[in-house]
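Working notes, beginning with the structure itself.
What follows is calculated from the coordinates using simple rules that are stated; it is not laboratory data. All values derive from a computational prediction rather than experimental measurement. So basically every Cβ, Gly included, is an ideal-geometry build from the backbone, and we count neighbours across all protein chains shown.
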Amino acid sequence: MTISSALNWAQVELKKSKINSAGLDAELILSFLLKKDRSFLLAHPDIKLTPIQAKKFFLMIKKRSHNYPLAYLIKQKPFYNLNLYVDERVLIPRPETEMLVELAIALIKKYNLKKIADIGTGSGAIALALKKELPRLTVYGTDISKKALEVAQRNAHRLKLHINFKQGDLLKPLRDKKIDLAVANLPYLAPSYFRQGAKEIKYEPKKALLAKKQGLEYYQSVIKQMRILKQPPAFIIFELDPRNIFNFKKWLINSQNIKPGNININKDLSKKNRFLTIQLK
């Protein structure tokens, strides 16, 4: 089997399964397998795969045809000018979350914020993107999952970026720290919404996706945990399910006595209300 025939076969197989990016996915999978970039594949279509390579490619394409995420197959996902390592221990970073990074950078620059906490860091995507863009920052990343933190630390090591990773429940590992800004993209799918989701998410860790109280469980917990901090942050930026963001705003106003003028909602690139910024000071 040559590179050309392998790609042609893979594209047909993936199209049968209604994988929209069939051609690109086939190329990325074979590039990963051969440890060559896509331009090599195009320049050398007649090179033959070894029997072992052909078998591995066959198995990887079959997994992708069952909606197994491409990022897990090729162990990487681009995010905000970074190429992150990902596997089944962590949620795959979404393009929408890049706007959370942009909102945080704007706030950091405007108010000269210096110490940032990424709550529920997962792969470390947000923390690492902020540190890469603004190296002067002190950045913390917390996660309750030891396995997720292993991935985050691997990414930090690969990218040569220093993040203070701590294992624990949301803000609790930072109770003795001074934080200027907390950012979080926490599990926010209610079980009913999860069942309606894309086929690929069934392969991602449910603990990184699902939350009680109609998806607001962990966001409410972060707000309640503010009292344990030595000095609460001046600002918080959350990424939430657009279906619940106004319910959360209402909860902040009615249950936490946060003034409506201190809460700002931003839309994502699809014009959905997804990001909520709270000013606490």
With labels modelled as points extended 7 Å from the Cα through the Cβ direction, what inter-label distance (nm, one decimal) is found for GLN153 paired with LYS63? 2.4
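Sort 261-268, 104-111, 43-50 for me by packing, meaning the mean count of neighbouring Cβ atoms within 10 Å per residue, highest on top. Numbers along the way, then the final one.
Values: 261-268: 14.1, 104-111: 15.8, 43-50: 12.5.
With the highest mean Cβ count within 10 Å placed first, the list reads 104-111, 261-268, 43-50.
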Distances over 25 Å make up what percent of all Cα-Cα pairs in segment 147-258? 31
Find out how many positive minus negative residues lie around ASN112, taking Lys and Arg as positive, Asp and Glu as negative, among other residues whose Cβ is under 11 Å from that of ASN112. +3
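Which order, highest average first, do 56-69, 116-129 follow once you tally other Cβ atoms within 10 Å for each residue and take the mean per peptide? List each step's numbers first, then the result.
Values: 56-69: 17.8, 116-129: 27.9.
Most protected by this proxy first, the peptides run 116-129, 56-69.
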LYS160 and GLN53 label points (each 7 Å along its Cα→Cβ direction) are spaced in nm at 3.1
Taking a ≥ b ≥ c as the square roots of the Cα gyration tensor eigenvalues, with a/c under 1.5 meaning rounded and otherwise prolate when a/b beats b/c, else oblate, which class fits segment 77-279? rounded
Within the chain, helix-based [θ] at 222 nm, where runs of 4 or more DSSP H residues each add -39,500 (n - 2.57), nearest 500: -12500 deg cm²/dmol
Taking Lys and Arg as +1 and Asp and Glu as -1, residues besides LEU149 with C-beta under 11 Å from its C-beta add up to +3
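Just rank VAL222, VAL12, fewest to most, by other beta-carbon atoms within 10 angstrom. Working shown, then result.
Details: VAL222 18, VAL12 12.
Ascending number of Cβ neighbours within 10 Å: VAL12, VAL222.
Is the shape of segment 3-66 best called rounded, prolate or oblate, per the rule: a/c under 1.5 gives rounded, else a/b larger than b/c gives prolate, else oblate, with a ≥ b ≥ c the square roots of the Cα gyration tensor eigenvalues?
Numbers: a/c = 1.82, a/b = 1.41, b/c = 1.30.
Taking the square roots of the gyration eigenvalues as a ≥ b ≥ c, segment 3-66 is prolate.
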Taking a threshold of 21 Å on the Cα-Cα distance, which of the pairs LYS36/LYS131; LYS249/LYS281; LYS132/LYS271 fall above it? LYS36/LYS131; LYS132/LYS271
Within the under-14-Å Cβ sphere about SER65, not counting SER65, Lys/Arg +1 and Asp/Glu -1 give a net charge of +4
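With an 8 Å cut-off on Cα pairs and a minimum separation of 6 or more residues, tell me the relative contact order of segment 166-281 in percent.
Working: 163 pairs, mean separation 33.9, N = 116.
Value for segment 166-281: 29 percent.
Quote the relative contact order of the chain in percent (integer), defining contacts as alpha-carbon pairs under 8 Å separated by 6+ residues.
Values: 467 pairs, mean separation 38.9, N = 281.
Rounded, it is 14 percent for the chain.
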